[in-house]
Structures are given as structure tokens and as C-alpha cells.
Amino acid sequence: MKNRVFVITGAAGSGKTTVRDYLHDQYQMARVITHTTRPPRENERDGVDYYFEDDQSFFDNHFLESVHYAGHYYGSSYEGLENAWEKSPFATIVLDTAGAITYKQKLGEKAIIIFLQVGDTEELKRRMQGRGDNAEMVAKRVSSKEYHRDLEMPHELQGKAYQVVNQDWQQTRQQIDKIVENYR
């Protein structure tokens with residue numbers, strides 16, 4: 001069985017973490033743990049949710065991709081991907097669309113891209129606030145160019161990614177199941 005990484009991408013609040021967790025729980029896909037310099041949210045743990053870094057330690061890693069977003073660095077390392085594949089031939093990772101493009105370019109068929117879309121931007125704001133992001137952080141995020149970039153599938157992923165509208169969890173789950181079955 002070939003190693004594959006299911007890359008979940010889309011705008012903040014589109015359900016990326018929910019889909020990643022579903023793939024982990026339903027299909028025992030290993031999570032690729034990524035690095036960030038942002039502070040942990042309540043209940044997030046270092047080495048489980050992210051590797052929480054400072055501005056110096058972040059750059060000690062060997063990155064497949066990294067980005068500066070909303071005042072913080074985020075990145076996924078080659079070591080993190082290999083660690084996930086040691087646990088399972090199927091891994092999953094949450095990335096912004098720029099990271100998803102990089103994964104597709106560098107990993108080719110090993111990267112299965114799933115772009116999540118939610119039609120209502122007000123729903124995205126409610127989801128962000130519901131997960132514990134404060135109002136100031138939400139306002140900053142929704143006004144960022146990255147947020148607006150991630151609302152629509154980029155042309156670099158058109159024809160290379162699956163697009164899933166995530167408004168009803170049962171329908172989303174069925175679509176995700178069909179995608180996974182293509183590779184099992």
C-alpha cells in the first residue's frame with residue numbers, strides 16, 4: 001500500500017479539524033503534527049495538537065512548507081510527515097490553501113487534497129467564535145488576505161483536489177468516505 005497524505009484545506013472555520021479528526025477516528029489515519037508560533041488555545045497540547053514553537057525554535061525544523069499567517073508562523077516538517085507514515089500508510093494534515101498547493105506540487109499523487117467550503121461567511125465567523133477564538137482574533141482573521149484567498153479553491157488546485165461543501169455533517173461525511181474509498 002502506498003503512503004498517502006490527505007490534505008484538508010479551506011478557510012478558517014470551514015471544518016478542517018473536524019474532518020481531520022474524523023479521518024483519524026474512522027480510518028485510523030495518523031495525524032501529521034505541524035509547528036506553530038501561535039499560543040495554544042485552551043485544551044491544546046504541545047506535541048499532540050501542534051508543536052508549539054517560539055520564533056527561534058521554529059526555524060530549527062526542516063519544512064516541506066511554512067507560512068506566516070495572522071502574525072504567527074505555521075509549518076509542516078518532513079520529519080512530521082515521515083513520523084505519521086511510520087504509524088499508518090494513510091496520514092492526514094490540515095493546511096491553508098498555499099500549503100495544500102505546495103504539498104500537491106512536491107508530493108504529487110501522494111497528496112490527496114480535500115478543499116472544504118462553507119457558503120456562508122457568517123457561519124464561518126460563528127464557528128471560529130464557537131471554538132474559542134476571541135472576537136478580536138476572529139475580526140483580524142476574516143479581514144486578512146489569507147482568509148479571503150482560502151474562501152475559494154485556488155486555480156492551482158482545480159482538477160487536482162476534491163471540493164466538499166461542509167454545511168451538513170452527514171453529507172460531508174458521506175463525501176469524505178467516498179473519497180477515502182478511492183484510495184483504500
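Return yes or no: is ILE113 at pLDDT 90 or above, within 18 Å of ALA11 (Cα to Cα), part of a helix (DSSP H, G or I) and of a type outside the set (Asp, Glu)? The answer is no for ILE113. Against the test of being farther than 27 Å from LYS2 by Cα and at pLDDT below 95, the options ARG184, ARG126 yield a single qualifying residue, ARG126. Exactly one residue among THR37, THR92 is touching a Phe, Trp or Tyr at 6+ places or on another chain (Cβ under 8 Å), farther than 30 Å from GLY159 by Cβ, of a type in the set (Ser, Thr, Tyr) and at pLDDT 95 or above, and that residue is THR37. The one condition from (1) assigned to a helix (DSSP H, G or I); (2) more than 27 Å from ASP177 (Cα to Cα) that ASN43 does not meet is (1). Every condition in (1) part of a strand (DSSP E or B); (2) surrounded by fewer than 20 Cβ atoms within 10 Å (Cβ to Cβ); (3) at pLDDT 95 or above; (4) of a type outside the set (A, V, I, L, M, F, W, C) is met by GLN26 except one, and the failing one is (1). Of all the listed residues (ALA98, ALA12), the sole one being at pLDDT below 95, within 22 Å of LEU116 (Cα to Cα) and in a loop (DSSP other than H, G, I, E, B) is ALA12.
For the criterion of being over 27 Å from ASN182 (Cβ atoms), within 13 Å of the chain's Cα centre (by Cα) and modelled with pLDDT under 95, GLY71 fails.
The values are calculated or read from the model by the stated rules, or taken from the named source; none is laboratory data. Every value quoted in this text rests on a predicted model; they were computed, and no experiment measured them. For neighbour counting, all protein chains shown are included, and Cβ atoms are generated from backbone atoms with ideal geometry for every residue, glycine included.
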